[in-house]
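Here's the structure, in structure tokens; my notes come after.
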Amino acid sequence: MNLRIPPLLRRAVPAGLLALASAAAHAQLAIEITGAGANRMPVAVATFEGENALPRAVTDVVRADLERSGLFKMVELGPSPMGADAPVDFGRVRSRGADAVAVGTVSPSGAGRYQIQVRLHDTPKQVSLGSQAMVMAPQHYRATGHRIADFIYEKLTGEPGVFSTRIAYVLKSGSRYELQIADADGSNAQTALASKEPIISPAWSPDGSRLAYVSFEAKKPVVYVHSIATGQRNVAANFKGSNSAPAWSPDGRRLAVVLTKDGQSQLYSVNADGSGVQRLASSSGIDTEPAWSPDGMIYFTSDRGGSPQIYRVPGSGGDAQRVTFEGSYNVSPRPSPDGKSLVYVSRNGGRFQVTMLDLASRQTQILTDSSKDESPSFAPNGRMVLYATEVGGRGVLAAVSSDGRVKQRLSVQSGDVREPAWGPQPRN
Amino acid sequence: MKLVRFTLPLIAASVLAACSSAPGLDGQGAAVEDRSGAASSGVDSSRVTTVTADGVGGAGIAALKDPKNILSKRSVLFDYDSYVIKDQYRPLVEAHAKFLVANPTMKMLIQGNTDERGSREYNLALGQKRADAVKKALGLLGVAEGQLESVSLGEEKPSCNDATEACWAANRRGDMLYSGEF
């Protein structure tokens, strides 16, 4: 999945920039595809006319995104560019086996910026499926590539793509913990918080501007809310005992949290600024890991029945209803963005695995073949589930499609990656 | 001002003396008087007076660190997915309860821990239950609520890092820390 940089362009990149890129490489998440869909659609992304004016080939980003989704098989068309409005040689494209082809034109639009026009064609029908135009600064070629991949993905699958989203996760290197934010393809990793004490349970606000998380920097678990762009943060819950498991309400105003101030781990909600604490549910056991579903229900883990199982309660509080019944360990529930299914971790003969439950049919499916899965998190389009697992004794992130077919792994060269959270669609 | 300065330590000393029916606490009153003496003279700038937090004398701390004393043992180990204090740890919990009752100014932070398997947040809650179990046992043995705080570190602070049954067992623990140790 390495970017292919044409030799000419490679010479154009200042040597210092390359050195910087390689120095940062050890901390970058590298993506590896470990399983793909059974029937991948063959698609070609032609070299765009004029794209050699950009620092890197934007179409390389587009191809890598589409390939990584596991739904497409990329077809090579060679180096000759194909413009957005030029006639397409459908015979040649079809002879390579591509069912769809994306063509495009990059042209200067003044003030150092570029206009990029993309058109997608259905090759068997020889018709245009649509076009999109955007203006970009050349250094934003990756972001632009992700948006083009989103456009192609949506045209071909009918669902929004998630190539422009971000992920948050915790990187542990030695005794150092970093809460990092990266693009969904693992590139462009940036540290939001560095600490000598553990950081767990990052949760994105619905608008993607803030993260809530649990930090142990005060020698005990305390919930913070952190504005990503400014780095400003406030304590959202620091009561006597432990404070943990923050989850945003769909309107982004309140957080469900777990507090032990009145004894056991129990569910409460607070405003994001820490005010207005309210109890959500009561039990004589552990209640934890709340997660809001789009219909306003809160799914959570409780051992009130003797073993950890998943329950749900109205977001305004009320009586809890049990959701999982199979097995003796079902934890970390996350409702899908459409509210129709639930992903969680189940223990099966000593293995902890990401499991999908269809809430209407009650059918369950174990999605992974690993054994130390934790912290599942849906992509905002519900297609993929990101989770933490262990490979060779090291913490890695992995993603699996909601049908279990497509599999990816994200790891760093050194250190453990854990506690992933897939961010929302960016708001334009 | 001089009256106030002398009165407060004297009250503290007499309260401590009244409470201390247990042996080994004879030094308490003297320790408090030493502190007030240093504060009221306050002229000799080269003099160093050792102050132990919460007014506990050296004899008490020594017992906590003496490897031959049961009080030097601080960990209660638990079974997998359990927060029941096993019988073998009763004498240990009773010894710490006795010490806390005899030293009512001493505070304890109980940290619950778990092994690495399963959900971090569920493990945090499980660690809390372990800390709470120790706290409750100490409370039933007469330790005042205000002397105790129970928190959880979940699976985040293992004492042993191998993925072995022996290591996991060592990590499923409640640790008892005294004032000055956390």
TODO: Would you tally the residues in the range A:49-96 being in contact (Cβ under 8 Å) with a residue 40 or more places away in the chain, within 19 Å of A:Lys155 (Cα to Cα), open to solvent by 30 Å² or more (accessible area, probe 1.4 Å) and of a type outside the set (A, V, I, L, M)?
DONE: 1
Task: Qualifying positions in the range A:306-319 - at pLDDT 95 or above and part of a loop (DSSP other than H, G, I, E, B) - done: A:Pro308
Open item on the list: Anything in the range A:245-260 that is free of Cβ contacts under 8 Å to residues at least 24 places away in the same chain, within 11 Å of chain B (Cβ to nearest Cβ) and either surrounded by fewer than 22 Cβ atoms within 10 Å (Cβ to Cβ) or not aliphatic (A, V, I, L, M) (or both)? List them, or say none.
Closed with: A:Thr260
- [ ] Mind listing whichever residues of the range A:284-301 are under 11 Å from A:Gln321 (Cα atoms) and surrounded by 21 or more Cβ atoms within 10 Å (Cβ to Cβ)?
- [x] A:Ile298, A:Tyr299, A:Phe300
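Matching residues to (1) under 12 Å from the mean Cα position of the chain (by Cα); (2) more than 14 Å from chain B (Cβ to nearest Cβ); (3) polar (S, T, N, Q):
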site: A:Thr355; (1), (2), (3): no, no, yes
site: A:Lys372; (1), (2), (3): no, no, no
site: A:Pro380; (1), (2), (3): yes, yes, no
site: A:Leu386; (1), (2), (3): yes, yes, no
site: A:Thr389; (1), (2), (3): no, no, yes
site: A:Ala398; (1), (2), (3): yes, yes, no
site: A:Pro420; (1), (2), (3): yes, no, no
TODO: Run A:Gly350 past the list (1) away from chain B (no Cβ under 12 Å); (2) of a type outside the set (Phe, Trp, Tyr); (3) surrounded by fewer than 14 Cβ atoms within 10 Å (Cβ to Cβ) and report the number of the one that doesn't hold.
DONE: (1)
Task: Qualifying residue in the range B:123-135 (condition: part of a loop (DSSP other than H, G, I, E, B), buried (at least 20 other Cβ atoms within 10 Å of the Cβ), at pLDDT below 95 and within 11 Å of chain A (Cβ to nearest Cβ)) - done: no
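Within the range A:326-354, which residues are in a loop (DSSP other than H, G, I, E, B) and touching a Lys or Arg at 6+ places or on another chain (Cβ under 9 Å)? Give the steps one after another, and end with the answer.
Filtering the range A:326-354 for residues in a loop (DSSP other than H, G, I, E, B) gives A:326-329, A:336-340, A:349-350.
Answer for the range A:326-354, where residues must be in a loop (DSSP other than H, G, I, E, B) and touching a Lys or Arg at 6+ places or on another chain (Cβ under 9 Å): A:Gly327, A:Ser328, A:Tyr329, A:Gly350.
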Task: Identity of the residue in the range A:210-244, within 14 Å of chain B (Cβ to nearest Cβ), of a type outside the set (Lys, Arg) and open to solvent by 10 Å² or more (accessible area, probe 1.4 Å), that ends up nearest to the chain's Cα centre (by Cα) - done: A:Glu217
TODO: Determine whether the range B:170-179 contains at least one residue that is in contact (Cβ under 8 Å) with a residue 40 or more places away in the chain, in contact with a strand residue (DSSP E or B) (Cβ under 8 Å, 6 or more places away or on another chain), open to solvent by less than 40 Å² (accessible area, probe 1.4 Å) and within 12 Å of another protein chain (Cβ to nearest Cβ).
DONE: yes
TODO: Enumerate the pairs (first residue in the range B:140-162 and at the interface with chain A (Cβ under 8 Å from one of its Cβ atoms); second residue anywhere and part of a loop (DSSP other than H, G, I, E, B) and open to solvent by 10 Å² or more (accessible area, probe 1.4 Å)) with beta-carbon separation below 6 Å, excluding pairs fewer than 6 apart on the same chain, so at least 6 apart or on different chains.
DONE: B:Val151/A:Lys220
Task: Among the candidates B:Glu145, B:Glu149, B:Glu94, residue that is crowded, with 16+ Cβ neighbours inside 10 Å and either under 30 Å from A:Thr389 (Cα atoms) or among the acidic types (Asp, Glu) (or both) - done: B:Glu149
Open item on the list: Restricting to the range A:262-283, and then to whatever is within 11 Å of chain B (Cβ to nearest Cβ) and modelled with pLDDT under 95, can you tell me which residue is most open to solvent (accessible area, probe 1.4 Å)?
Closed with: A:Gln264
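Within the group B:Ser119, B:Ser72, which residue is open to solvent by less than 50 Å² (accessible area, probe 1.4 Å), more than 14 Å from chain A (Cβ to nearest Cβ) and not basic (Lys, Arg)?
After applying the criteria, what remains is B:Ser72.
The values are calculated or read from the model by the stated rules, or taken from the named source; none is laboratory data. Owing to the predicted nature of the structure, the values given are computational and were not obtained by experimental measurement. Every residue, glycine among them, receives a Cβ derived from its backbone with ideal geometry; neighbour counts consider all protein chains shown. Quick note on the areas: whole protein, heavy atoms, side chains included, nothing else; ligands and nucleic acids left out. Shrake-Rupley method; radii C 1.70, N 1.55, O 1.52, S 1.80 Å.
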